[in-house]
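One structure is given below, encoded as structure tokens.
All of the numbers you see were taken from the coordinates with simple rules; none came from a lab. What you see is a predicted model, and the numbers here were worked out from it, not measured in a lab. Positions of Cβ are generated from backbone atoms using ideal geometry, with glycine treated the same way; all protein chains shown enter the neighbour counts.
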Amino acid sequence: MLKYILKRLGLSVLILIGVSLIVYILIRCMPVSFVESKIAAMNQGGVQVPKETVDAMYEMYGLADSSFLGILKGYGSWLNALLHFDLGQSFVYGDSVLNVIVEHMGVSFAIAFIAIIFEYLIAIPLGVTAATHQYSVRDYVVTIIVMVGISLPSFFFARVLQNVFALKLGWFPSAGMENTAAGYKGIFRLLDQLKHIALPLIAMVILSIGGTMRYMRTNMLEVLNSDYIRTARAKGLKESKVIYKHAFRNTMIPIVTMMAGILPTLFSGAMITEQIFDLPGIGNVALKATVSADIPFIMGYNMFLAILSVVGVLLSDLMYMVVDPRVKLA
Amino acid sequence: MEEKDNNLFPETEEFNPMAETEGVAPIEEGEKPLDRNVRLMSPGRMVARRFFRSKLSIIGLVMILALLLFCWFGPVFYSRWDERIPDSNGQIEYNYKTFQVEAADGTTYEVRQVIEVRKGTNTFAPPGPDHLLGTDDSGLDVFVRLMYGGRVSLSISFIAVFAITIIGVILGGIAGYFGGWVDNVIMRLCDILMCLPGLPILLILGSILDAMEVPGESRIYYLMIFLTIFSWAGTARLVRGQILFLREQEYMVAAEAMGFSTSRKIFKHLVPNVLPQLIVSMTLSLGSMILYEASLSYLGLGTQAPNASWGTMVNLTNNEDILRNYFNIWGPPGICIIIAVLGFNFVGDGLRDALDPKMRR
């Protein structure tokens with residue numbers, strides 16, 4: 001077990017080095033003059049980028065030297081800084097990149113976490129009924145919900161929600177995280193925030209529910225076709241007992257492993273939804289940083305995402321072994 | 001969906017001359033010969049039958065065909081407006097200015113000067129006979145841009161999916177067939193590519209394209225090339241997994257014994273057997289490619305105005321006035337995206353059920 005985990009960890013480090021190399025090379029493809037002009041534009045536009053920060057970035061990324069050796073050296077110094085948890089200073093936010101990420105990932109995580117709870121609460125029962133009543137009207141309805149859910153473009157759906165429920169009906173605020181002008185305190189502030197994130201939540205739940213529901217249905221069908229279910233039925237057990245005691249528990253194996261894999265990625269933020277509803281989540285922050293060529297932040301954010309997805313894969317594999325003892329270590 | 005009978009040979013009434021051979025025992029009165037009960041069908045026909053039995057796949061097919069016809073033949077028949085040339089017959093707006101004029105006898109008159117303003121372009125025209133879906137903020141006809149935008153969105157997605165499939169089949173096939181260190185290298189590369197965050201990477205590439213001053217209409221092609229380079233990993237894994245399984249089958253041992261060349265074994269015996277899964281995954285990824293392209297254009301990275309693409313047209317919602325008041329500008333492109341993606345997903349699902357009866361959902 002320990003050996004397996006160590007092997008996987010080693011592999012993860014290898015993957016992360018590969019990812020960072022690709023991201024680094026991509027960033028080096030940006031012409032230096034372009035970066036300079038962007039910094040100049042930022043200086044004019046009110047965001048002050050101190051000279052030292054820019055110099056530090058040039059040194060850290062070795063931007064001035066674009067020979068092959070220079071690129072290698074730049075990558076080395078960036079890696080070295082990373083090992084000291086130094087991701088550089090963000091231009092746009094004027095703070096260290098790590099701080100900006102930590103500061104904003106909470107909002108993204110909170111929203112994504114609530115969304116995923118709702119998603120599973122709705123998707124699991126619907127997926128199960130669709131499977132137990134295969135080819136019935138219910139199954140048909142679930143299939144259509146699944147299809148529509150995975151076919152909706154996130155930006156369009158979010159805009160429609162915003163238009164109908166915020167601008168036309170006025171039930172929810174159209175953007176932002178809280179009403180700072182009202183100066184709510186305590187529980188009222190929380191309620192106000194909940195009201196603000198209601199629409200993004202709905203958007204995220206509906207956009208991601210399709211895939212989960214389909215996954216649930218496929219798994220349940222597979223389990224229902226297995227031998228021990230036939231045995232349970234042959235013993236004369238009640239159908240409800242067969243389904244909820246024998247079948248349902250076994251469908252939870254893949255679901256639990258999937259959840260373990262998803263958990264870290266909840267921190268990564270939903271770029272488009274956050275942009276549309278103007279939430280201060282990490283996705284929105286990253287989008288703004290990319291538009292203004294904030295190199296330290298882009299680099300740090302991409303590494304952050306890569307680490308999250310590597311951890312996710314690792315967690316879900318480990319969880320698989322914990323939940324299902326039949327899985328042998330490979 | 002509708003599958004009630006799983007009998008692969010449901011037809012009993014029809015007579016098939018192919019099935020009748022010489023030397024069949026004489027048929028007794030009132031008894032049907034066995035060979036008249038069966039009807040021979042090629043695998044392809046069986047797949048087609050199963051596919052067309054599902055209503056959803058037919059609906060999907062109709063949706064896709066309708067969109068293709070609309071986008072490619074639409075502009076041929078409806079050429080009143082162009083994609084990039086705004087309607088310059090703006091309405092005339094009347095304004096007036098008031099002047100106080102003192103006449104010779106001392107009374108003051110109020111004089112109004114009527115100013116006739118001919119707006120250069122016909123912006124924000126409501127839907128009507130002139131413009132079926134109205135015009136957008138720069139006086140471009142929405143209906144016509146819908147057709148041109150669809151051409152971009154659909155053709156780019158097709159090309160990207162084909163490219164991804166070709167790269168995936170070649171690399172996955174090599175990895176699965178040869179195994180060993182080749183397999184290891186290719187699969188680790190896949191792992192890395194799978195961990196690359198998709199949209200943020202494309203955002204970086206977008207700003208690189210900005211820096212290189214790539215013209216607006218060709219940006220999306222570059223981005224889709226990058227997208228192809230980053231997304232073949234899934235297909236390669238699928239192909240590799242299948243080939244690992246198929247390699248151990250008896251018919252491959254037979255092929256080995258026949259002394260076939262390696263390329264013949266891979267491309268003639270292994271790849272055709274991966275094809276069903278491949279076709280299904282291609283159809284399904286067509287849908288996601290359309291979504292990807294639309295998202296990129298929406299974020300302003302892909303096709304840029306005045307060139308049309310469905311995502312770019314929805315991008316106008318960043319202007320709150322348009323979002324609030326002009327659904328006719330940004331609604332139709334969004335609906336087109338949904339129809340396209342939904343269509344491909346329906347067809348992909350139908351194909352999966354039809355091609356692989358064991359895997360029936």
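Observations
- Pairs of Cα atoms farther than 25 Å apart, chain B, %: 68
- With neighbours defined as other Cβ atoms within 10 Å of a residue's Cβ, the residues B:201, B:335 order from fewest to most as B:335, B:201.
- Working from label points 7 Å from Cα in the Cα-to-Cβ sense, the residue B:249 to residue A:239 distance is 3.8 nm.
- Local net charge near residue B:303, Cβ-Cβ under 12 Å (Lys/Arg +1, Asp/Glu -1): +1
- Neighbour-count ranking [beta-carbon atoms within 10 angstrom, fewest first] of A:84, B:269: A:84, B:269
- Between residue B:318 and residue B:40, full extension at 0.36 nm per residue minus the direct alpha carbon distance yields a gain of 94.2 nm.
- Acute angle (nearest 10 degrees) that the helix A:32-44 long axis makes with the longest principal axis of chain A, alpha-carbon atoms: 90
- Within chain A, longest stretch free of exposed chymotrypsin sites (Phe, Trp or Tyr not before Pro) [DSSP loop, at most 15 other beta carbons within 10 Å]: A:185-330
- Neighbour-count order for B:130, B:136, B:105, fewest beta carbons within 10 angstrom listed first: B:105, B:130, B:136
- Charge dipole (Cα centre; +1 on Lys/Arg Cβ, -1 on Asp/Glu Cβ; no other charges) of the protein assembly as shown amounts to roughly 2140 debye.
- With R₀ fixed at 60 Å, the C-beta to C-beta distance from residue B:117 to residue A:248 puts the FRET efficiency at about 0.30.
- Cα-based radius of gyration of segment B:160-310 once divided by 2.2 N^0.38 Å, which approximates compact folds: 1.25
- Percentage relative contact order, chain A, counting C-alpha pairs under 8 Å, at least six apart: 24
- Within segment A:155-193, the trypsin sites (Lys or Arg not before Pro) that combine a DSSP coil assignment with at most 15 other C-beta atoms in a 10 angstrom radius are A:185.
- For chain B, averaging the sequence separation of C-alpha pairs within contact (under 8 Å, six or more residues apart) and dividing by the residue count gives a relative contact order of 20 percent.
- Average beta-carbon neighbours from other chains, 10 Å sphere, peptide B:314-320: 3
- Total formal charge among the other residues, if their Cβ is under 13 angstrom from that of residue A:160, Lys/Arg +1 and Asp/Glu -1: +3
- For segment B:131-190 versus segment B:283-360, the spacing of their alpha-carbon centroids is 13 Å.
- Helix axis angle, A:137-151 relative to chain A longest principal axis, alpha carbon, degrees: 10
- Against chain B, whose longest principal axis is taken from its Cα atoms, helix B:233-247 shows a tilt of about 10°.
- Rg/Rg_globular for the protein assembly as shown, with Rg_globular taken as 2.2 N^0.38 Å and Rg from C-alpha atoms: 1.14
- Whether chain A is rounded, prolate or oblate, judged on the alpha carbon gyration tensor where a/c under 1.5 counts as rounded: oblate
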